[in-house]
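Engineer: This structure is in structure tokens; I'll ask about it shortly.
Readers should treat all values here as calculations from the given coordinates under stated rules, not as data from a laboratory. Small disclaimer: the values here were computed from a predicted structure and weren't measured.
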Amino acid sequence: MNVSKRMLISIACLCGYAPCTWSGSEQRFDFETQPKEITWKAETTQPDAKAADWAIVTDATAPSPTRVLTIRRINDRAHDVFNLYWTRDMTFENGTLEVRVRANTGNIDQGGGLIWHVRDAQNYYLARYNPLERNLRVYIVTDGSRRQLASAENIPILAGRWWQLRIAHTGSRITAWLDGVKHVQVADNSLSGAGGVGFWAKADAASSFDDLVVKRFRVLPANSE
């Protein structure tokens, strides 16, 4: 079997149906440099809350030295505040997203994750891990209200170390891995179509992120060549 055929089959397995193929679009952010064409914004899902302070800082433990994105200060510790750092300049619909994430501090909440198909601060998909709760969950946020789509419990997650969170979204299917282990798969098409991408944390959770990789592919009809 040739390489291109093996690739097509492996991607089809990821999608859950065949065939599909890579669009050739991939973007990587290791936070060593900031592309001028990408503008990030710090917001909260709750309009009256004060957004956290996000910053790119030097970190000796960075998975790809030497800089990471981090929440430097929490400005609103309310339990229901969602802190976002996202961009609409990089759109994503079908493909994979992955990032290294580390839970630094937090008594009410810890950890964090990725958001995608972002329409605005009140509408997006979310996958996050939480060392305090020892779980990995996928949510949808619509009109500022969060609804759980799937959860994996009793995962031995430790704060203070880097984990790799990976998401695949194809059509209506969402799959989530933590350090290469698949924990969650669910279907939802409430927020179809491309949207922005970004990072998420809740309440007093201060976390760091590194090595964001966005890979896009497009689904082809069964009779496409």
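Engineer: In the Gaussian network model of the chain, springs joining C-alpha atoms below 10 Å, which of Gln46, Gln148, Gln164 carries the largest mean-square fluctuation?
Structural biologist: Gln148
Engineer: I would also like to ask the following. Rounded to whole Å and sorted largest first, list the principal axis extents of the Cα atoms in the stretch 56-137.
Structural biologist: 33, 32, 25
Engineer: Would you work out the Kirkwood radius for the stretch 132-225? I mean one over the mean of 1/r across all pairs of different Cα atoms, in Å.
Structural biologist: One over the average 1/r among Cα pairs gives 15.4 Å for the stretch 132-225.
Engineer: Strictly over 21 Å apart at the Cα level, which of Lys50/Lys202; Lys50/Lys215; Lys182/Lys202 would you flag in this model?
Structural biologist: Lys50/Lys215; Lys182/Lys202
Engineer: In a Gaussian network model over the chain where Cα atoms closer than 10 Å are linked, find which of Ile115, Ile174, Ile56 has the largest mean-square fluctuation.
Structural biologist: Comparing Ile115, Ile174, Ile56 in the GNM, the peak value goes to Ile56.
Engineer: Which angle from 0 to 90°, rounded to the nearest 10, does the C-alpha axis of helix 3-15 make with the longest principal axis of the chain?
Structural biologist: Value to nearest ten degrees: 60.
Engineer: When the expected Rg is taken as 2.2 N^0.38 Å, what fraction or multiple of it is the alpha-carbon Rg of the chain?
Structural biologist: So the chain has a normalised radius of gyration of 0.99.
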